[in-house]
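Structure first, commentary second.
The values are calculated or read from the model by the stated rules, or taken from the named source; none is laboratory data. Predicted model only: the values in this text are computed from it and were never measured. Using ideal geometry, Cβ is built from the backbone for each residue, glycine included, and neighbour counts are taken over all protein chains shown.
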Amino acid sequence: MSEEKTYNKPLPEFRPETKPYWEAAKNHELVIPRSKTTGEYFFYPRALSPGEDMTDEIEWVKASGKAKVWTYAIHHMGPSKAYKGDPPYVVALVETEEGVKMMTNIVDIDPHEVTVGMEVEVVFDDVTDEVTLPKFKPVG
Amino acid sequence: MASKIPGTDEAREVLKKHKIVIAGVGETDQGKIPNKSSFHFLSEASKIAIQDAGIQKSDVDGLVTAFSLVEHTFMHCTTFADYFGMKPKFFSSVAVGGATAVWMAAEAAMAIASGQAEVVLCVRGDNTLSGISSSGMVALIREMCHAEFEFPYGLTTPGGYALAAQRYLHDFGATREHLAAVAVTMRKHAANKENAMNKEPLTIEDVINSRIIAEPLTKYDCSIISDGGAAFIVTTEAKAKELGIQNKLAYLWGMGQGYSHQYLTTLQDLDQIYNAINTSGQKAFQTAGISQKDVDIAFLYDCFTITVLLTLEGLGFVPKGEGGAFALEGRMEIGKDLPVNTHGGLLSQAHLGAMHHVVEAALQLRGDAGPRQVDDAEVAIVHGNGGIVSAHSTILLGKEPLS
């Protein structure tokens, strides 16, 4: 919210149950929540497991950071003026090795080279002092 | 074949007993109409529908509204009741995105069947184009996507549908032409709809070569934004007779909902979407005791071209992945296999959720669709989807009472 930041795109407002994710991201670690009772990963983070167990016993597991592009959309216009100069950029849904999907940007590649099934790995974009957005780039 | 859904036999008995009908419809002008407020359009559409039914405002004892994208109110239905000057016995605001209009009809039916009201006005209106503009609509994604885990990545509303479209193209080897064909058919139909915004003919090439918004979608894959209002009046056959309503009646034969996801992040695969559409449709089909082959006309939510293909397939009119070929062969046109959105839909007529889809379905069954009239139209399906193909609702309407 502070005025002096040059980054003026939307930033996540942390909830208590999502804070561990963003704190890990700030330390350049990708973590995914998992139900302690069923061992099932889920994403996005919730206070209670969205499974039948409804447990609030959640553990955060360090992810491998490897994923595959499940689908993508090359954006030629952004949602607001803050994105001026960015398009074309890629918004994608990737499926991580742990089996959850995450929305992200695919970076370090010509948008038209992105394909469904492409192997990608996490990179960390420190967009502000407080917020790091996990993004993905092609492997290798 | 789908397995038997519990409750549909009971639902059929309820609908047979009450003979719930759409007895009046109304549409205002649609387009860029900068001098009218959201509540002005709601009022005007209500007045037209009441006059179409030939009843008095005081005959209306129930009200179902939705929401406004421009004029945010905490209690939309009662805010409008106050503005319009009515004291409904039953009131409700439905807010399930593009599934809203279809479910407004269902909500009115449930209210009537449970004795809450006898004559329910269902109305939407908004000055979306003048009030929030196209860029505002592009940014509307903020209301639908995850604020923390999706929105910071620059997703737009068309971008959300482009994600679904890209996966669809991948899974079925479908092409840009398949998507574009939907827009071409909608435009063809809009030519004969008096208040349609876009009537000039459109070709496949026009669609593909129009401005790229979010690949694989271009400008003409995206619905238009408009100002306007629409309304319909739900009552029973008996009450319609008592009130002396002269219109032919469109009878409610079945209804259903289906839920897939809210956030694309939690979507497993396209089957999850198909299953939600199918669940919604099957509930309606089984309640009516009919199947796809009995349907003469379809009104499918077309906020983007991709939703029509997913819906055609999910409802079981064509196998998965074959909606594109069906569209490309012109089989959704009036006079062909299954006329879809004979009024031009959200892609060419105007955008007010599925309100115009419901209105046009009733007009077709009444035989009042003028130059767009489909011969022997006896059964119509209307399907809405809210979110990014996430929340679904279906109604089936018949020209005759459910038997």
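Does A:Thr18 count as at the interface with chain B (Cβ under 8 Å from one of its Cβ atoms) and touching a residue at least 12 places away in the same chain (Cβ under 8 Å)?
Working: at the interface with chain B (Cβ under 8 Å from one of its Cβ atoms): yes; touching a residue at least 12 places away in the same chain (Cβ under 8 Å): yes.
The answer is yes for A:Thr18.
What strands (runs of 3 or more DSSP E), lying completely within segment A:1-114, carry at least 1 residues that are of a type in the set (Ser, Thr, Tyr)? Before the answer, list the steps.
Details: elements: A:31-35, A:58-62, A:66-75, A:89-96, A:101-106.
It comes to A:31-35, A:66-75, A:89-96, A:101-106.
Yes/no matrix, rows are residues, columns are (1) at pLDDT below 95; (2) over 30 Å from B:Pro152 (Cβ atoms); (3) among the polar types (S, T, N, Q):
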site	(1), (2), (3)
B:Val70	yes, no, no
B:Phe80	no, yes, no
B:Pro88	no, yes, no
B:Ala105	no, yes, no
B:Gly115	no, yes, no
B:Glu118	no, yes, no
B:Ser134	yes, no, yes
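Somewhere in segment B:67-88, is a residue under 25 Å from B:Ala113 (Cβ atoms), in contact with a His (Cβ under 9 Å, 6 or more places away or on another chain) and touching a residue at least 12 places away in the same chain (Cβ under 8 Å)? Spell out how you get there, then give the answer.
From segment B:67-88, those under 25 Å from B:Ala113 (Cβ atoms) are B:67, B:75-78, B:80-81, B:84, B:86-88; that's our starting set.
Now restrict to residues that are in contact with a His (Cβ under 9 Å, 6 or more places away or on another chain): B:67.
Adding the requirement that they be touching a residue at least 12 places away in the same chain (Cβ under 8 Å) leaves B:67.
Yes, there is a match, as at least one residue in segment B:67-88 is under 25 Å from B:Ala113 (Cβ atoms), in contact with a His (Cβ under 9 Å, 6 or more places away or on another chain) and touching a residue at least 12 places away in the same chain (Cβ under 8 Å).
Mind checking which residues of segment B:225-261 are among the polar types (S, T, N, Q) and within 17 Å of the chain's Cα centre (by Cα)? Walk me through it before giving the result.
Filtering segment B:225-261 down to residues among the polar types (S, T, N, Q) leaves B:226, B:235-236, B:246-247, B:257, B:260.
Of everything in segment B:225-261, those that are among the polar types (S, T, N, Q) and within 17 Å of the chain's Cα centre (by Cα) turn out to be B:Ser226, B:Gln257.
Residues being surrounded by fewer than 23 Cβ atoms within 10 Å (Cβ to Cβ) and hydroxyl-bearing (Ser, Thr, Tyr): count how many of those fall in segment B:40-70.
2
Failed condition for B:Ser3, given (1) assigned to a loop (DSSP other than H, G, I, E, B); (2) of a type in the set (Ser, Thr, Tyr); (3) within 30 Å of B:Lys199 (Cβ to Cβ), with all others met?
Failing condition for B:Ser3: (3).
Within segment B:18-49, how many residues turn out to be small (Gly, Ala, Ser), under 24 Å from B:Lys399 (Cα atoms) and assigned to a loop (DSSP other than H, G, I, E, B)?
Of the residues in segment B:18-49, the ones small (Gly, Ala, Ser) are B:23-24, B:26, B:31, B:37-38, B:43, B:45-46, B:49.
Okay, now just the ones that are also under 24 Å from B:Lys399 (Cα atoms), so B:23-24, B:26, B:45-46, B:49.
From what is left, the residues that are assigned to a loop (DSSP other than H, G, I, E, B) are none.
Of the residues in segment B:18-49, 0 are small (Gly, Ala, Ser), under 24 Å from B:Lys399 (Cα atoms) and assigned to a loop (DSSP other than H, G, I, E, B).
Residues A:Thr104, A:Thr115: which one is β-branched (Val, Ile, Thr) and either crowded, with 17+ Cβ neighbours inside 10 Å or away from chain B (no Cβ under 13 Å) (or both)? Spell out the reasoning first.
Details: A:Thr115 fails: either crowded, with 17+ Cβ neighbours inside 10 Å or away from chain B (no Cβ under 13 Å) (or both).
Exactly one residue qualifies, and that residue is A:Thr104.
Please give the strands (runs of 3 or more DSSP E) falling wholly within segment B:168-272 in which 3 or more residues are more than 14 Å from chain A (Cβ to nearest Cβ) and touching a residue at least 24 places away in the same chain (Cβ under 8 Å). Show your work before the answer.
On the way: elements: B:212-215, B:227-236, B:250-259.
Strands (runs of 3 or more DSSP E) meeting the threshold: B:227-236, B:250-259.
Within segment A:70-99, restricting attention to residues that are more than 7 Å from every other protein chain (Cβ to nearest Cβ) and among the aliphatic types (A, V, I, L, M), which residue is surrounded by the fewest Cβ atoms within 10 Å (Cβ to Cβ)?
A:Ala82
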